[in-house]
Amino acid sequence: MAKRVAAGIMAVAVMSGVLAGCGSKTTTPSGGSTNAGGKVTIEYWQYSYTSKTDLMKQLITEFQDKNPDITVKTADFPYEQYNEKVAAAVSAGKGPDVINLYYGWLPKYVDSGFLQPLPEDAFPPATIEKEFFPLVKAAKMDGKYYVLPTAVRTLALLYNKDLFKAAGIAEPPKTWDELVATSKALTKRDASGKLEQVGFYFNAGGQGHNWFREVLVRQTGGQPLSADNKQVLWNSPQGLQAFQWWVDLQKVHKVGEIGFMTDDVTAFKAGKAAMDVDGSFRLGNLLDAKFDFASAPLPLGPNGQPYTMASFWANGLTKKATGAQKDASVKFMKFLTQPDVMERWTKAIGELPARPEVAAKFKDDPKLKGFIDGLAYANATFFTDETKDRDAITNAVDSVLVGGKDYKTALDEGQKSAQALFDDYWTKRK
Amino acid sequence: MATVPQPVRGAPRPTRPGLTLAQKRTLWAWGALAVPLLFFLVVRILPTLVALNMSFRQWDMLSPDKPWVGMANYQKLFKDPVFVRSLTNTFLYVVVGVPVQLILGLGVALLIQRVNRFAGLFRTLYFIPYITSAVAVAWVWRWMLQEHGGIFNELLHLVGIAPQKFLGSPTQALYSIVAAIVWQGLGFQMVIFLAGLEAIPTMFYEAAQLDGASPWQVFRHITLPLLNPTIVFSAIIGTIRYLQVFTEVLSMSNQGQGGPLNSTKTLVLFIYQEAFKSSKYGYAAAATVVLFLIILVLTVVQNKLITRKYEY
């Protein structure tokens, strides 16, 4: 009896397993395949961001009209689940032919063998370096380009023109000293000392850490990383000078307060922060701002050189794309990096063009101006673990502000935990 | 099967050979049980075992190979100051949060039990936070706890106390978050205690009244002992709840970091960050196994230590 029951349960288990297997086979789109009529189907993955997926839908229709033998299937996933979906597809031997990914993930994607280098005949490195802004070098690993962006983002100084006008200040600050003076003039407190308006919003956890690492450190003549990307150098004497100036905005000059209206983005959008260092990706959130604002290049530091940080989402070819699929995928990628597509992308999404010839068309837009200006000299930081790299710097800041440590100790401790990330990455990579 | 008695009277009915009614019933029961059991196996047990296996491997999620590294992830965990900090923080959440929630919950339940009018209204009011989204509650508390313009500092200002940093201070942030969690969990706690109080027979109170016991004596010697099963249940459920604090910290700390200076980071937030931000799946899996063991041990210990039988 018991045996028979057990056999029954087993049968049910096997059955449901088979059913589950069938189910996943039919619901998961099976990647690229060549149809009988010489038609090629490729699959493209991106992350869910309504304005981007909408534009992409239009672009794909146009691409298919121009290339009737190619069909592009798309799938999009929320940013938080993106890597998981990719991992699941890889382990099942499925997934996209062309994928949109964040440049910071590139080391991981390349090391895992998920991506193949862009074919040099279709995308000659020399041409890429001639026609794109220098920041695309971040897409190069071991001498080969793996991805190419349609649009990029930079950091700049966002300022509330209405608050500037009310305080009688005509121009955004152009140097560190001017930034301090302007911020002080725009900071308002009531009689009891309660903050009512922030002159400059200091938020290390937002874009502040990028500003420090990629901009302030270079402005004092330091380097954030060694040339081989192995040593974290932002605790050099120059880095310390930059760190102290940066933290003093809050500690000494008190032009803002971490946590005021929860964060810099909210405070700026509410018109309660006169200035903020933020990325061009924020412009989308500010479309319905009830005040006039503009962007300006980041204020210059002691060495008088301009710097900013760049980041981007870019498209790459996966290992899965071979033969006819690969040719179709290359065509699709060429289409996505065309100048006219870039121009439309900037108009619809607000992200910046990756080609100077297209960017020149937007350089007089007051909201884009500061960001576009940065494209020529922007650096895309090499990250091994972006979140923890950020935490290393925010913890150094907090150690000074609320942890009672001196600047040097705090910065050295931060560097130590950041260096551990790089050591870990490079030892695993052999 | 051979011993099954054959029907004696009347014509043999066309039943399937060898199955009595009792056996059919058993088969039905097994069949019905198999579905949830299978579900439980596939959805609960299997992933747990997979996680256990993953905790002995090094895996960044994308790479096709997952080399076996033995105990290396566990050894690294206990050398990781952030993990150790998350662990001690998690114990603080439990040690502070559970007793406060139990005491306040019992207080509110005792008060509401005495209310004759609008008891339903009060119960509803206290219960509403519990059915509100934890993220919404956390964000409202984040605004209330602001250093500048937050309602708590406005109130402190009225009585002449200098504004506090609350979430911005490494020494106050954890307790500020505990306050928000207790506030939200209070309604649930109250309902549990109300049910426990209702279950205490009134004859004990009547007898105590006749003997002239003071209210404190009644509470100490009747209510508290007879409420013991409810207290044990609440302590266990509460401990598990506070061991798994996550959403509130993610929403209430700057950028969801668990700061300032890791002072509010919990084990679950640590696991989340390692797995989904740093893609260290094996390492994160090792931390989940540690959390699982802690919950298991604490639950068993609590069950043994606090459970006492009171006979009257």
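Below is a table of values for the structure above.
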| item | result |
| --- | --- |
| Options B:P225, B:I45, B:F292, ranked by Cα towards positive dipole end of chain B, top entry (Cβ charges) | B:I45 |
| Contact surface A-B: accessible area buried, both sides summed, square angstrom, 1.4 angstrom probe | 3400 Å² |
| Of B:S214, B:S86, B:S55, the one that fluctuates the most in a GNM where chain B has Cα springs shorter than 10 Å | B:S214 |
| Cα-based Rg of the protein assembly as shown normalised by 2.2 N^0.38 Å, two decimals | 1.16 |
| Net charge dipole size for chain B [Lys, Arg +1 and Asp, Glu -1 on Cβ; Debye, nearest 20] | 1080 debye |
| Residue-normalised accessible area of the range B:79-306, given per residue in Å² at a 1.4 Å probe | 48 Å² |
| Over 21 Å between alpha carbons, listed pairs A:K57/A:K361; A:K137/A:K230; A:K161/A:K188; A:K165/A:K188; A:K184/A:K369; A:K161/A:K369 | A:K57/A:K361; A:K184/A:K369 |
| Accessible surface of chain A, 1.4 Å probe, proportion on carbon and sulfur as whole % | 55 percent |
| Loop trypsin sites (Lys or Arg not before Pro), the range A:295-344 (other Cβ atoms within 10 Å of the site Cβ: 15 or fewer; DSSP) | A:K319 |
| Net charge dipole size for the protein assembly as shown [Lys, Arg +1 and Asp, Glu -1 on Cβ; Debye, nearest 20] | 2560 debye |
| Positive-pole candidate from A:A185, B:F188, A:M309, dipole of the protein assembly as shown, charges at beta carbon | B:F188 |
| Cα convex hull volume per residue for the range B:79-306 (Å³) | 153 Å³ |
| Within the range B:222-312, trypsin sites (Lys or Arg not before Pro) in DSSP loop having at most 13 other beta-carbon neighbours inside 10 Å | B:R308, B:K309 |
| Label-point separation in nm, B:L110 to A:N285, each point 7 Å along Cα→Cβ | 4.7 nm |
| Cβ-Cβ FRET estimate between B:F78 and B:A213, R0 fixed at 35 Å, reported to 0.05 | 0.10 |
| Whole-number D in µm²/s for the range A:158-266 (Stokes-Einstein; Kirkwood sum over Cα pairs; 37 °C, 0.692 mPa s) | 218 µm²/s |
| Derived scalar couplings ³J(HN,Hα) [the range B:79-88; Karplus, 6.51 cos²θ - 1.76 cosθ + 1.60; whole Hz; x for Gly, Pro] | 9, 8, x, 5, 5, 4, 4, 4, 5, 5 |
| Between helix A:50-66 and chain A: long-axis angle, C-alpha atoms, 0 to 90°, nearest 10 | 50 degrees |
| Straight-distance crosslink candidates among lysines, where the alpha carbon sits under 17 Å from A:K408 and sequence neighbours closer than 8 are dropped | A:K251, A:K416 |
| Accessible area of chain A divided out per residue, in Å², using a probe of 1.4 angstrom | 42 Å² |
| Degrees separating the helix A:339-349 axis from the principal Cα axis of chain A, which is the longest one | 70 degrees |
| Residues in the range A:394-420 occluded by at least 40 Å² - accessible area, probe radius 1.4 Å, against chain by itself | A:N395, A:V402 |
| Mean ellipticity per residue at 222 nm, deg cm²/dmol - from DSSP H runs of n ≥ 4 across chain A, formula -39500 (n - 2.57) | -13000 deg cm²/dmol |
| Cβ-based charge dipole, the range B:79-306, positive-most Cα from B:I151, B:Q164, B:F122 | B:Q164 |
| Carbon + sulfur, % of accessible area of the range B:79-306 - ligands and nucleic acids excluded, 1.4 Å | 71 percent |
| Positions from the range B:230-262 whose accessible area shrinks by 10 Å² or more when the full protein complex is built, not the chain alone, probe 1.4 Å | B:N254, B:Q255, B:Q257, B:P260, B:L261, B:N262 |
| Using a Förster distance of 30 Å, the FRET efficiency for A:K39-A:K137 (Cβ separation, nearest 0.05) | 0.20 |
| Extension reserve of the B:E154-B:F122 stretch, reckoned as 0.36 nm per residue once the Cα distance is removed | 8.8 nm |
| Chain lengthening between B:Q23 and B:Q244 when straightened (0.36 nm per residue, less Cα-Cα) | 75.1 nm |
| Delta accessible area of at least 50 Å² on complex formation, residues of the range B:44-67, 1.4 Å probe, chain isolated as reference | B:M61, B:L62 |
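The values are calculated or read from the model by the stated rules, or taken from the named source; none is laboratory data. Quick caveat, the model's predicted, so the values are computed rather than measured. Cβ coordinates were reconstructed from backbone atoms using ideal geometry, including for glycine residues, and neighbour counts include every protein chain displayed. Ligands, DNA and RNA are stripped out before the accessible areas are found, and what is left, the full protein with its side chains, is counted by its heavy atoms. Shrake-Rupley method; radii C 1.70, N 1.55, O 1.52, S 1.80 Å.
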